[in-house]
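The values are calculated or read from the model by the stated rules, or taken from the named source; none is laboratory data. What you are looking at is a predicted structure, and each value in this text was computed from that prediction instead of being measured. As a convention, Cβ positions derive from the backbone with ideal geometry for all residues, glycine included, and neighbour counts pool all protein chains shown. Accessible surface areas use protein heavy atoms only, side chains included; no ligands, DNA or RNA. Shrake-Rupley method; radii C 1.70, N 1.55, O 1.52, S 1.80 Å.
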Amino acid sequence: MPTMNMLQAINNALDIAMAEDDKVLCFGEDVGIFGGVFRATSHLQEKYGRSRCFNTPLVEQGIIGFANGLAAQGSVPVAEIQFADYIFPAFDQIVNETAKFRYRSGDLFNVGGLTIRAPYGGGISGGLYHSQSPEAYFAHTPGLKVVVPRNPYQAKGLLLGAIRDPDPVLFFEPKRLYRASTGDVPEEDYQLPIGEAEVTREGTDVTVLGWGAQMEVIDRAVELAEAENISCEVIDLRSILPWDQDSVVESVLKTGRLVITHEAPLTGGFAGEIAAAVQDRCFLYLEAPIARVTGMDTPFPLTLEKEYLADYLKVYEAIKASVAF
C-alpha cells in the first residue's frame, strides 16, 4: 500500500472518478496545467484534456453558477474554490440555488452530482483572507452536505463518496495538512460513508470531539491527559452536515463529559449546535458542562495566529477542567 500525503490522495481520488465516468469535470481557478495553487489537480488536464479539466475566470459566483447548470444537465462537476475564504461571493449560488434546486422543482431537477472542493483553515500564516473555517455557515442550510477529512486515507475515500453522493457536497480540505499529513492509502477505488463519525480512541472519562486538522491537535492533548490517567474517548465527526448525533450521544452517555474543538470562532460555531443537541439528549447524564475550545471572536490574525488557534494545550486544559469539575 503506497504512502501518500493528503494532496496526493485527493489527486488520486479525482483521477479515479474522472477515469470511471466521462461526466466528471474538474474546474476552478488555475486548476489546469498549473494544477491549482496547492497542485491538487496536477496532471489531470494533460491526462483528460482541456474539456474535462479547465481553468475558469476569477469569479467564484460564476464558478458555482456554472457548476449548478452543469449538474442540472447531468454532468458531475467538481468545482474548486481556491481558498474557502473566497467562497462567500458564491454564497448566494450555494445557499439559494445549489441547496434548493431539488426541493423547489419537486425533484424534477437536481444538482446532486455537484461537489465543491475548498482548502480551509489556518496554520499556514495566511492571515485573515486565507485562514477561515466557514463550515458553520453552510451547516445552517438544508439541502447541502458538508464534509471535512482528517488524513489522506479519509480524504480519498470521502472525496470519492462525495462525488458519487446523490446530494451536493461541500468538501473542506484542511490545507495545513496537505503535505504534513501522510499515511497508507490504497491505490484501488474505495469510498467512505458520509454522515458517520469515527471513534478513533475509546475511553471512559471524557469524550473529545473534533474534525479535520483539529484531530491532530486532539491526539496531542489526549496524550498529555492519558499520562495523568484521564481516559479519553476521541471522535472524528468527519461530516458536519449531516452529523452523526447518535454516535456522539452514545459516547457522552458513557463518559458523562464532552469537549468540542474547532478552528472557527466560538460564537455561531458548529460546536454550539453539537452542545445543544447533546445536552438535550444527555442532560441527566452529564457530569460537567460541555466545553468548547475554539478560535476567537475576532478576524483571523496574521502575527498572532498561534495565540488564536485552539491548540493542544488549550484542549488539554479543557479536558482537565471537565474531569475535575
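As a calculated quantity, the FRET efficiency between Glu226 and Glu20 at R0 = 45 Å, using C-beta atoms, amounts to about 0.60.
Have a look at Ser75, Ser105, Ser133 and tell me which one the Gaussian network model of the chain (Cα, springs below 10 Å) gives the largest fluctuation. Looking only at Ser75, Ser105, Ser133, the biggest GNM fluctuation is shown by Ser105.
Pairs Lys145/Lys314; Lys156/Lys314; Lys100/Lys145; Lys145/Lys320; Lys23/Lys175; Lys23/Lys156: which exceed 22 Å Cα-Cα? Over 22 Å apart, Cα to Cα: Lys145/Lys314; Lys156/Lys314; Lys145/Lys320; Lys23/Lys175.
From largest to smallest, the equivalent ellipsoid semi-axes obtained for the stretch 198-325 from the alpha-carbon gyration tensor read 22, 17, 13 Å.
Considering the chain, its Cα convex hull presents a mean projected area of 16.2 nm². Rounded to 0.05, the FRET efficiency of the Thr298 and Asp246 pair, given R0 = 30 Å and the Cβ-Cβ distance, is 0.30.
For the chain, the longest piece that avoids every one of the GluC sites (Glu not before Pro) found in DSSP loops with at most 15 other C-beta atoms within 10 Å covers 1-186.
Compared with the alpha-carbon gap, the fully stretched path from Phe325 to Arg179 is longer by 48.7 nm at 0.36 nm per residue. Around the Cα centre of the chain, unit charges on the Cβ atoms of Lys, Arg, Asp and Glu (plus for the first two, minus for the last two) sum to a dipole of about 560 debye. Here the sum of -39500 (n - 2.57) over DSSP H runs of 4 or more residues, divided by the residues of the chain, equals -10000 deg cm²/dmol at 222 nm, to the nearest 500.
Heavy-atom accessible area per residue, the stretch 211-325, 1.4 Å probe: how many Å²? Value for the stretch 211-325: 46 Å² per residue. Note on the stretch 66-190: percent of Cα-Cα distances in each 5 Å bin, starting at 0 and stopping at the bin with the largest distance, equals 2, 11, 20, 22, 19, 13, 8, 3, 1, 0.
Relative to the present Cα-Cα distance, how much length would full extension add between Glu305 and Ala276 at 0.36 nm per residue of separation?
Result: 7.6 nm gained on full extension.
Dipole check for the stretch 168-213: with +1 at the C-beta of Lys and Arg, -1 at the C-beta of Asp and Glu, and the Cα centre as origin, the magnitude is about 400 Debye. Distance between the modelled labels on Asn55 and Thr200, one decimal in nanometres: 3.7 nm (7 Å Cα→Cβ projection). Shown here for the stretch 92-171: chymotrypsin sites (Phe, Trp or Tyr not before Pro) in loop regions (DSSP other than H, G, I, E, B) with at most 14 other Cβ atoms within 10 Å, namely Phe109. Averaging the sequence gap over all C-alpha pairs within less than 8 Å and six or more residues apart, then dividing by the number of residues, gives the chain a relative contact order of 16 percent.
Considering only Ala17, Ala90, Ala227, the mean-square fluctuation computed in a Gaussian network model of the chain, springs between alpha carbons under 10 angstrom, is largest for Ala227.
Could you give the length gained by full extension between Val95 and Met1, i.e. 0.36 nm per residue of separation minus their alpha carbon distance, to one decimal place?
Between Val95 and Met1, full extension yields 29.9 nm more.
Of the accessible area of the stretch 3-184, computed with a 1.4 Å probe over protein heavy atoms only, carbon and sulfur atoms account for 53 percent.
The mean accessible area for residues of the stretch 3-184, using a 1.4 Å probe and ignoring ligands and nucleic acids, is 38 Å² per residue. Shown here for the stretch 222-325: trypsin sites (Lys or Arg not before Pro) in loop regions (DSSP other than H, G, I, E, B) with at most 16 other Cβ atoms within 10 Å, of which there are none. Beta bridges per DSSP, both residues in the chain: antiparallel share near 20 percent.
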